[in-house]
Amino acid sequence: MDMSRYLDLFVSEARQHLQEAEQEIGKLATPGTAPAAEPLNNLFRHFHSLKGMAASMGFAAISTLSHAVEDLFDEIREDVTRASARGLAELVLEACDTLSGMVQSAADGATSFPAQDDLIAKVKAQIAAFKGAGGSPEGSAAAARTAPASAPPPAATAGTAKPPERPASVFRCRLQVDPEAELPGARAALVLRRLESVGTVLTSTPALADLAAGRFDGTLTVLLSSPEPRGRIAAAVEELLDVSSYGITEEILPTEMSERKGAGVKEAEPSLPSTIRIPTASLDHFLDTLGELITWRGSLGAAVRSKDLAAAATSHERLSRAVDRLREEVMAIRLLPFEHIVPQLNLGVRALTRQTGKKVALQISGTDVALDRAVLEEIVDPLNHLLRNAVDHGIEGPAERMALGKEPTGRLTLAVTRSGDRVGIRLEDDGRGMDGGRILATAIREGFVTPEEGEALSPQEILMLTTIPGFSTAEKTTEISGRGVGMDVVRTRIEKLDGRMWFETRVGVGLIVTLDLPLTVAVIDAFIVESGGSTFAVPSSVAMRTQLVSARSLRETRNGLFLEEASTLVPALRCDDALNLSAGRRPLPFRFPVLMFLDGATRTALAVDAIRERRELVVKPLGSPLDHLREFSGAALLDDGRIVLILDLPNLAHAAAGA
Amino acid sequence: MAIRVLVVDDALYMRTMIRDILTNCGRYEVVGEASNGREAVERYLELKPDLVTMDIVMPELDGIEATREILSRNPSAAIVMCSALGQEALVIESITAGAKDFIVKPFTPDKVIKVVDNVLKGS
């Protein structure tokens, strides 16, 4: 039996439950909203399902904790006003965070987890408080001191009245709805409901949504997790009308699994789902567009064979339009709303505020801005870094803040906006801000810049000194107010995505970090160039202009290579020299092409042997270890199968200057 | 002792037909009627019947909402939806909301009795 199939399913469904639970808790915790039955029922349901799934996977600790929270919501449901009990939302969120960590451990291969006795005791104390004192949140002291294993004190029953849970098995139920039945889809829905009453439905084919849309051929297959014996489940099915036949088989799970990892519960680092759900309408669009592609390909072929240029031109134009449309449709599917990574960001900030004892209110806006999944996945770590820096180093402790006349709770806002094909993320805190003067002093002292270079730096460039590798270590030892470890990594990751970051700050008032990212990384428009005998690609978004210049306008000076343009000198570099392609280096022809780009704020010229064409490329990120090469931002395949490396011009210029 | 039923439908014709079917069976007694969802909830709370037959499309409050409200007061209420042809999605929504079974109009007496018998057998 293939456990990994169930593990993936368990992990993705567990995460979904926890995410949705978090959203529901958010609704509960909003001041001013009347507590309502629906979120409480949903929350009960989420932990109930999680308990069942975890039990069938053999994850006792996850199941026990989920069970405790399920009982908690069962208790709260009896009197909805209990939902506004003080500290309730924090307690449940703590449980969610712990469960997320355990689910992540499970995803990494752990099969046992440390018992969460303290947390369970807290939950049970809350339950006892609701049962006993009729709603007082602090609860009886006796209940709070009780560990789950010992006998319950007389005042609180804390859930020990329930019979112990039997381990759950997974059953595969295949049912056939009577073809003569009216509304067979609705019959199938009733089957699902009945099965839900004796266990937890892990998957169903078709799913409820499909049934509601009328997609049902009469056969329903359900994977059910249940502690009940097979006979009991069969009896439940027998009670249903219009089921003409059914089969229930128990899926035997191995009782032993080799323990591959230690049982430590790590902080959850969830990744994006590796499968996606797309509306079936999208698939239909693809098919339509594919049909057009086939049609116009045919016409184009015929036109070429009959040497009819006009017809070929028309077919080509139609084909191009269809390709553009297909590309848009595919790209749209790759887009995920920013909302997807919000729970992780919230979790990181919550964990850190607990650890540091600081008070921080995180507000995230623009969560429905959609980004390419690849971009989203890449920015999670950098954003977490930036948020943690804000909490750890930027925002002061409550006492210090009050002494400064600030609110004791720090404000941290993250705003996502979209402008054309770029996405902006703006992170603002009202903490200490960055002190440019002290940063520059440190940089000079540690030898990152000379005093003369320091003089020439703009305030923006001074702040960016904090992103030099090695700077943060130096800074930490001298305890200068600024940012902690990791800013160089953040910058690298952002720039690897063809993004940019910059700071704005006022000392003592706060810091704004702005990230500018592409909407998608997948396809770029690029110039294919040749230099030193090799072929490279230059993104056209970077190259502002291309032009032919004469060899005489290139000037070699002490300070480097320059291009004479009108009456100014523009810094220049030869691509082949910058990449040390000495073997293929040839003297530049009388007239040779340059691509003009911006290195920071400086116009710079890149000299190449030839510019072959301009076309679109599907970018593939360079994997390890090639991604250490800062001169390249990715690779792409040409039509003839050749691989071209995509040049990162600003980095190329820095490398050349450094050499 | 006869099983007490509340019949809900905005058409008098429908309510009469269901009443006749249930009464002729002998085991059921129609103790009340309602012509919209709002009335359905009120009468339910007054009469506390053993079973409700609920039309889906009605003015004021539809059958699905009425089902939800009744179930929120009494989670073990037995509600059977009466749907017209072509309303499968609505029936499924009702089931998700907690309805225990359904019958499709136009119905035969056997069908109705078979379904209501089955619903109450379970409880």
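None of the figures in this text is laboratory data; all of them are computed from the coordinates on show. The structure displayed is predicted, hence computed values, not measured ones. Neighbour counts are summed over all protein chains in view; Cβ atoms, including those assigned to glycine, are modelled from backbone coordinates with ideal geometry.
I need the phi-derived Karplus couplings for segment A:57-68: 6.51 cos²θ - 1.76 cosθ + 1.60, θ = phi - 60°, integer Hz, Gly and Pro marked x.
7, x, 8, 4, 5, 5, 5, 5, 5, 4, 4, 4
How high is the FRET efficiency between residue A:27 and residue A:418 when r is their beta carbon distance and R₀ equals 30 Å, given to the nearest 0.05?
Values: r = 27 Å, r/R0 = 0.89.
Result of the calculation: an efficiency of 0.65.
Determine ³J(HN,Hα), in whole Hz, for all residues of segment A:324-330 in sequence, where each value follows from phi through the Karplus function 6.51 cos²θ - 1.76 cosθ + 1.60 and θ = phi - 60°; x replaces Gly and Pro.
4, 5, 4, 4, 4, 5, 5
Work out the length of the dipole vector of the protein assembly as shown about its Cα centre, built from +1 on the beta-carbon of each Lys and Arg and -1 on the beta-carbon of each Asp and Glu, and round it to the nearest 20 debye.
Numbers: 85 positive and 107 negative charges, 191 e Å.
Value, rounded to 20: 920 debye.
Please list, by residue number, every one of the trypsin sites (Lys or Arg not before Pro) in segment B:16-123 that is coil in DSSP and has at most 13 other beta-carbon atoms within 10 Å. List each step's numbers first, then the result.
Numbers: sites: B:19, B:27, B:38, B:43, B:68, B:73, B:100, B:111, B:114, B:121; in loops: B:27, B:100.
Those that pass, being in a loop and sparsely packed, are B:27.
Whose amide H sits under 5 Å from the amide H of residue B:34, counting only residues 5 or more places off or on another chain, with H placed in the peptide plane?
Hits under the 5 Å cutoff: B:7, B:8, B:9.
Using each residue's phi in segment A:430-447, evaluate 6.51 cos²θ - 1.76 cosθ + 1.60 at θ = phi - 60° and report the 3J(HN,Hα) Karplus result to the nearest Hz, with x for Gly and Pro.
So the Karplus estimates, Gly and Pro as x, are 10, x, 6, x, 10, 9, x, x, 5, 4, 4, 4, 4, 4, 5, 4, 7, x Hz.
Decide, for segment A:502-575, between rounded, prolate and oblate: order the square roots of the alpha carbon gyration tensor eigenvalues as a ≥ b ≥ c, take rounded if a/c falls under 1.5, and otherwise choose prolate if a/b is larger than b/c, else oblate. Before the final figure, lay out each step's value.
On the way: a/c = 3.02, a/b = 1.46, b/c = 2.07.
Oblate, since a/c reaches 1.5 and b/c is not below a/b.
Could you list the chymotrypsin sites (Phe, Trp or Tyr not before Pro) in segment A:541-624 that lie in coil according to DSSP, counting only those with at most 15 other Cβ atoms within 10 Å of their Cβ?
Working: sites: A:562, A:590, A:597; in loops: A:590.
Of the chymotrypsin sites (Phe, Trp or Tyr not before Pro), the ones in loops of segment A:541-624 whose Cβ has at most 15 other Cβ atoms within 10 Å are A:590.
Taking H placed 1.01 Å from N in the peptide plane, check which residues at least 5 places from residue A:423 or on another chain put their amide H under 5 Å from its amide H.
A:517, A:519
If you place +1 on the Cβ of every Lys and Arg, -1 on the Cβ of every Asp and Glu, and leave all else neutral, what size is the dipole of segment B:9-123 about its Cα centre, to the nearest 20 Debye?
Values: 13 positive and 19 negative charges, 78 e Å.
My answer is approximately 380 debye.
Name the long-range amide H neighbours of residue A:433: under 5 Å, sequence gap of 5 or more, or other chain; modelled H, no Pro or chain starts.
A:508, A:510, A:511
Please get the size of the charge dipole for segment A:274-408, origin at its Cα centre, with Cβ charges of +1 on Lys and Arg and -1 on Asp and Glu, quoted in debye to the nearest 20. Walk me through the numbers before you get to the answer.
Working: 17 positive and 18 negative charges, 30 e Å.
About 140 debye.
Please find, in a Gaussian network model of chain B (springs between Cα atoms separated by less than 10 Å), the residue of B:32, B:86, B:63 whose mean-square fluctuation is greatest.
Between B:32, B:86, B:63, it is B:86 that shows the largest mean-square fluctuation.
Under a plain spin-label model, where a point goes 7 Å from the Cα along Cα-to-Cβ, how far apart in nm are residue A:174 and residue A:603?
My value for the distance between the label points is 7.3 nm.
How long is the gain from residue A:627 to residue A:614 if the chain were fully straight, where each residue apart is worth 0.36 nm and the alpha carbon distance is subtracted? Could you put the intermediate results ahead of the total?
Details: separation 13, 0.36 × 13 = 4.68 nm, distance 2.47 nm.
Separation in residues times 0.36 nm, less the Cα-Cα distance, equals 2.2 nm.
Can you give the convex hull volume per residue for the Cα atoms of the protein assembly as shown, as a whole number of Å³?
On the way: hull volume 193.4 nm³, N = 782.
Once divided by residue count, the hull of the protein assembly as shown is 247 Å³.
Tell me the trypsin sites (Lys or Arg not before Pro) within segment A:321-372 that lie in a loop according to DSSP and have at most 15 other beta-carbon atoms within 10 Å.
On the way: sites: A:321, A:325, A:327, A:334, A:350, A:354, A:358, A:359; in loops: A:358, A:359.
Those satisfying the criteria are A:359.
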